[in-house]
Amino acid sequence: MTRAEDAGDSRTRLDKWLWAARFYRTRSLAAQAIDAGHVRVDGQRAKPALGIHPPMRVSVRKQALTWTVEVLGTAHTRGSATAAAALYRETAESVALRERTLAEQRAARAQAAMQPAGRPTKRDRRRLEDFLNEP
């Protein structure tokens, strides 16, 4: 048992909680994200050793996506995905914002895919030459 469990304290380090909740693959990646300012607790920047407990609100930004979650529980070890999902509840605003961001990214990818691929055909080259040679 750890000292926190002996004392009956239900707090967990922020980097350990992010790792246990499966936001990051390792605790060191979680600590780097915290130090870079990508993780906020109750709207404030935090340090990796901050004690997390319910009902804190954690905001995690990874690339263009942001998760805002309410802490429901703590864990000192990393468990299954279902156990990790039980540690937090994502807010409705966060879900809507994330879905909107993903839809915009998909639309941008689809728009980029509409560009013709490969070399222009003989017909395309002739049209381009005609367009450029107009007075």
- Item | Subset of the range 46-79 that is hydrophobic (A, V, I, L, M, F, W, C) and free of Cβ contacts under 8 Å to residues at least 24 places away in the same chain - its residue that is farthest from Gln32 (Cα to Cα) | Leu72
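Scan the range 13-45 residue by residue and report those that are of a type in the set (A, V, I, L, M, F, W, C) and within 23 Å of Pro55 (Cβ to Cβ).
Of the range 13-45, the ones of a type in the set (A, V, I, L, M, F, W, C) are 14, 17-21, 23, 29-31, 33-34, 36, 39, 41.
Residues satisfying the conditions are Leu14, Trp17, Leu18, Trp19, Ala20, Ala21, Phe23, Ala30, Ala33, Ile34, Val39, Val41.
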- Test result for Ser59, in contact with a strand residue (DSSP E or B) (Cβ under 7 Å, 6 or more places away or on another chain) and more than 21 Å from Ser10 (Cα to Cα): no
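Just to check your reading of the model, which residue among Thr74, Thr101, Thr91 is more than 25 Å from Leu50 (Cβ to Cβ) and touching a strand residue (DSSP E or B) at 6+ places or on another chain (Cβ under 8 Å)?
On the way: Thr74 fails: more than 25 Å from Leu50 (Cβ to Cβ); Thr91 fails: more than 25 Å from Leu50 (Cβ to Cβ).
One residue alone meets the criteria, Thr101.
So, Thr82, is that one free of Cβ contacts under 8 Å to residues at least 12 places away in the same chain and touching a Phe, Trp or Tyr at 6+ places or on another chain (Cβ under 7 Å) or not? Steps first, please.
On the way: free of Cβ contacts under 8 Å to residues at least 12 places away in the same chain: yes; touching a Phe, Trp or Tyr at 6+ places or on another chain (Cβ under 7 Å): no.
No.
In the range 63-93, what residues are of a type in the set (Gly, Ala, Ser) and within 23 Å of Arg13 (Cβ to Cβ)?
Within the range 63-93, the first condition is being of a type in the set (Gly, Ala, Ser), and the residues that meet it are 64, 73, 75, 79-81, 83-86, 92.
Hits for the range 63-93 are Gly73, Ala75, Gly79, Ser80, Ala81, Ala83, Ala84, Ala85, Ala86.
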- Message: If I filter the range 110-125 for residues that are closer than 30 Å to Thr26 by Cα and at pLDDT below 90, do I get at least one hit?
- Response: no
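The values are calculated or read from the model by the stated rules, or taken from the named source; none is laboratory data. Since the model is a prediction, treat every value here as computed from it, not as a measurement. Counting neighbours? That spans all protein chains shown, and the Cβs are built from the backbone with ideal geometry, glycine included.
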